Structures are given as C-alpha cells and as structure tokens.
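Here's the structure we're looking at; comments come further down.
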Amino acid sequence: MHNRKIEVFKKSVTNNFNFLKASQNIKDAYINSIAIDEIGFLLPLCFAHTNDNALMQKLTIWRNENVHVYPTQFEATLESTKTWFKERLLNVEDRILFLVVDNKGIAAGHIGFNGCHNNQFEFEIDNVVKGNLDSPKGIFSKALISLITWARKTINVDVFFLRVMEDNIRAIKFYEKNNFVMTEKIPLIKETKNNILSYRQAGKTEKPDKFFIKMTWKPSAHDVGQSMILTAGPSISSKESLYAYDAASKGWNNEWSKYLTRFEQAFAEYIGVDYAMATSSCTGAMQIALMALDIGPGDEVIVPDQTWVATANAVRYVGAIPIFADVEIDTWNIDSSSVEKLITNKTKAIMPVHMYGHPARMTNLMQLANKYDLKIVEDAAPAIGAEWQGKRCGSFGSFAGFSFQGAKLMVTGEGGMLVTNDKDLYQKAFKIWDQGRNPSRTFWIDEDGVKFKMSNIQAALGLAQLERVDELIEMKRRIFSWYEEGLEGLPNVLLNKEVEGARSIYWMSSIRLEPTSPVSRDNLIKELKSRNIDSRPVFPAISQYPIWPVKQEPKPIAFLIGNQAINLPSGVCLTKDQVMYVANQIKEILK
C-alpha cells in the first residue's frame, strides 16, 4: 500500500508540473498562475517563454547577481541560461519555477520546487531569487506562502524544506520570519573544476569549508480554531481553471460535447466499465437506471436504511416501493443477511450504497442477486475510486451512479455519472436520458424519458478532477490516518475504518459514539461548533421519514448509527494541525 501511495505521489508531481509547464501561450500561463493575495501572481515558467529573449536575459542577470548563494558558482550567459531553461527546467519532471509577478505585470524574481520525486513526500523550495528591489513590499513572503499553500492543496505533500548557505544571513532571517526552522547542518567542501567554483557535501573524515543549512517549514498552529473548520471542501487546481475556461470560451457548436465525451470515456476507463453517461446528479442517474431496468409501480427495491434520501427517492420516483434493509455495524453498509429476509416475489433489485466512500461487501450481494435473479444498482455517489477486493466500486452491478456534488471528493458543482457494462442497457438508458427521442426522426419522441444532462463546462471541471483523483484519494486517506493518530485510545469513540478486503476513499472521516459516552452525539456536535469545528450527524435511519408509500420500522443497527455517529471535518485540503485540533477538542469534551 505504501508503494502505491508513493507511485501516486510521484505521478501527481509529474502531471501537475508538466501541465503547468506545457502552456504554449502567455494567456494559458496566466490562467494557470497562482494568486499572491491581491498583490500579484506566481506565473509558471513554460514553453511559451522559450523564445522570450528579454526574459532569458533577465534570468541571466539575476543568476549572476545572486551567484554567491548557489552551491555551483559560475558566470551565466544568455546561451547557458537558455540551455538550462530547456534541459534542466522544462524537461525535468519533478522541477518547476514560477516568476513572482506584481499586479502591473512586472517580474520581481522567481521561486520554485526541485527534487520532488522522493519517497518521503517532500518538496524542496528552490531558486528563490529577488530580482527587482522595487517590487511591492512583502510580495516574496506572500509568494512563498502562496506557493506552499498551492502545493499542499494540490498534491499529497508532507514536508516543505529548503537549503541555504550558512553565510546568507539575510535569507535565513527571511525564512525564519516565514515559519522555517533549522533542522540540519550539511557540511560542504569547496572545490574548483575548469575554473568553476562549487561546493559538494563533505565526507565523514573531511573538514568542511562551510555549511548548507536545511530549514523546514513548521507553521504556527496558534491560529487553528480561530475560524470555522468546515466539514467538506474540494481541491481545485490550475487544470480545472484552464479546462473550464476553454469550455466556456470555445465549447459550443462543433465543440459542444468536447469535454463531455472525454469525461465519459475517461470515467468509464477509470471505473473499469464499458459505458458512462454524464448526468445532472447521481439521483437522476439512478432513476434512469431503474427506468432502463423496467422497474416501476408494484415493484420493490431493497435499499439500506442508513443512506441519504436520494437512494430511496430514486425508487419512489419510478413508482416502485423502497424496502429498507439493515446495515452492518462495521461498514455502515447494507447487510446481505438483512436483505435476504426481505426478498419477495415483488423484489426486482438491490441498491447497495458505498457509504461515505467505504465499499459495501459486494461479494455477498452479488451471490444474493444471482441466487434470486435480482438486479444490482450501486449507489456509488461518494465512492469514486473505492475498491472491494481489488475491483472498483461501480463495476459490479447492472448500473452504478456517482455524484460530483460540491461536497464530494470529485466536484463539478452538481452532477453525476451513470455507468454500465451492458451495451443493451446503455442504449436503453441513453434514450431515456435523451427524453425518449427516436434518433431516426427529428424531434420524434416515442418513449418516456427525462432531462438529466450535464453541461460541457461542468464536464470540463469533472475531467480535470478525474485526472487528479488518485492523489485526492491519498489526501483523504491521509486525513483519516491523522484522525486515527489523534483519537487513538480514546474510550467510547469508534472510527469508521475500512474492513478486510475493502479500500475506502474516506470521503468522510466518521466516528460513532458508544452508548456509554459521557456526552451525547448531538451535544458533542453543539460543543464542537462552539469551538469553530463544523461537523454533521450521520443520516438517520431513513425509513422513519413519513414520505414512503409503505410504513416500515427503522432497522436497529441503522437506527443506532443514525443516532450515535458523526461526520468530522474531512475537506481534502485540511492540514494536520486542523485535524489534530479537532481530535484534541473531542478528547477534551469527552474526558
């Protein structure tokens, strides 16, 4: 598992850096830029700059003015700078450099990352050069923090560090002011080759000529908890901005479905199915699925009693009756033994939910479906990338639906996806999705249909999110690991943790209070809110709602979880300090 995490990290570094460096024009480079508060931008140096001789000359001057701060010290020329730019910047996958540009478009210097392919999830801050002494006050401090914030919210980085010569006192003080602390002294030996002075790391028996100071970013946590820590929140990178801009500016007429087509194809490939259809919501996707399966009035569909109302509402919308099964205490997902007791001659399908990103035990459910000749429609709304026994959720049943609502791991604002492996079912669902249109006659409708479509602009955002999804999953899993660390050994609190055979994406990190807890679930939520921690109760057993055509008693485990469980702050961009603050407040409240 650790190797998988490292592989995803390195791939994310490569993809994100290459994407930013790939811009062929300055317009795209500025769309991809990172805002520095309200005073400027971090503009990625990219292929569009390759033939910018004025910029190359400026970089050469800056290099020569600051040569004393580098381990290798030589006089740069315009040609050597161009060669360095192409071969040691643009073509190096784990290196990137940004121009620090003020709001007038004047370059103040540059800053970047280097050596980011490693097994420690570390980013080295590199090439920090202030070239314009007249730049706005504080722009480099803000640029440094903006760069770190961008990287932390985009890639699964654990550590940010830099190295600075020990005699560069001014730089050391600057970094200390920005929450960097000295963590290591690296001895260096001076040597000269071909009239070029350089420093290399000293051996154990060599007497050093000077030291490289390694400084690590350790931001103060004293502000954590001063503002509300939210339950959810997405990670939006430059890729989403560029794709959405392209769809908004060009995605009409002949290109009206450019991103829709790419998104659907890429999504199907990711899940491991043959067909995918973008929809306006997961609810709409599940309704189309049930219609395509000819499920309607008089039919019954078994759903979990612990889920969001949309699962059962999709059943109600086609005129069928949702029948509520209990859930498992360890997964919070539908319990196959409860399902089997509810099967009648009216039962047509089972709709498991991969609750909060934890996969249901699909092996048991598929055996049950085969035994009784039932259809499986997976509600995978919160579970893109989750796996059961190595197979991705959404690839088991006749259909599956996913959600990209704004609180999910992947977002398009609102939106969903319907997937299947069955060509005939796909074609039937497609016609329903297209309002029952007969393609052989213009504007001819000869069957029931719906209007649950996604826009091309939403699909552009979704495609960019999908291309980053594995790294987003690792960031979610890291948040859960922090909660495990912070809540370890706390009595009366049980984390909703993946079971054997499952790989959860931990869309939500959740806890369940034992009945012996000294504080009730609802009072814990209130107390957390008073300490600027947003949380939310897990869904109640939804059979209790008065909207269902057949009244049913709530199932005991679903009822227990619905009354005792909480979703903790789980936004993908949370810091460890924020998670630890939440954990510490829970411990203090429950002590």
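The values are calculated or read from the model by the stated rules, or taken from the named source; none is laboratory data. Since we're looking at a predicted model, the values are computed, not measured. Please note: Cβ atoms are built from the backbone with ideal geometry, for glycine as well, and neighbour counts cover all protein chains shown.
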### Query
Considering segment 372-390 alone, what residues qualify as being on the phi > 0 side of the Ramachandran plot and surrounded by 24 or more Cβ atoms within 10 Å (Cβ to Cβ)?
Gly385
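Yes/no per residue for (1) in contact with a strand residue (DSSP E or B) (Cβ under 6 Å, 6 or more places away or on another chain); (2) within 22 Å of Asp305 (Cβ to Cβ); (3) surrounded by fewer than 24 Cβ atoms within 10 Å (Cβ to Cβ):
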| position | (1), (2), (3) |
| --- | --- |
| Gly357 | no, yes, no |
| Arg392 | no, no, yes |
| Gly415 | no, no, no |
| Asn421 | no, no, yes |
| Gly436 | yes, no, yes |
### Query
Looking at Ala22, is it farther than 30 Å from Gly390 by Cα, at pLDDT below 95 and of a type in the set (Gly, Ala, Ser)?
no
### Query
Mind checking which residues of segment 103-125 are more than 20 Å from Lys11 (Cα to Cα) and either of a type in the set (Phe, Trp, Tyr) or buried (at least 18 other Cβ atoms within 10 Å of the Cβ) (or both)?
Ala107, Ala108, Gly109, His110, Ile111
### Message
Looking only at segment 494-512, filter to residues that are in contact with a strand residue (DSSP E or B) (Cβ under 8 Å, 6 or more places away or on another chain) and either surrounded by fewer than 20 Cβ atoms within 10 Å (Cβ to Cβ) or not assigned by TED's automatic domain parsing to the domain that holds Gln578 (or both); which one of those is nearest to Glu484 (Cα to Cα)?
### Response
Leu495
### Message
Among the residues of segment 176-185, what is the count of those that are on the phi < 0 side of the Ramachandran plot and surrounded by 15 or more Cβ atoms within 10 Å (Cβ to Cβ)?
### Response
2
### Task
Answer with yes or no whether Ala360 is among the hydrophobic types (A, V, I, L, M, F, W, C) and closer than 17 Å to Tyr275 by Cβ.
no
### Message
Could you check segment 133-146 and list, in sequence order, the residues that are without any contact (Cβ under 8 Å) to a residue 60 or more places away in the chain and surrounded by fewer than 17 Cβ atoms within 10 Å (Cβ to Cβ)?
### Response
Leu133, Asp134, Lys137, Ser141, Ile145
### Query
Going by the structure shown, is Lys408 within 16 Å of the chain's Cα centre (by Cα), surrounded by 22 or more Cβ atoms within 10 Å (Cβ to Cβ), part of a helix (DSSP H, G or I) and at pLDDT 95 or above?
no
#### Entry: The one condition in (1) assigned to a helix (DSSP H, G or I); (2) of a type outside the set (Lys, Arg); (3) surrounded by 17 or more Cβ atoms within 10 Å (Cβ to Cβ) that Ile302 fails to fulfil
(1)
### Task
Could you please give the count of residues in segment 504-530 that are part of a loop (DSSP other than H, G, I, E, B) and more than 28 Å from the chain's Cα centre (by Cα)?
7
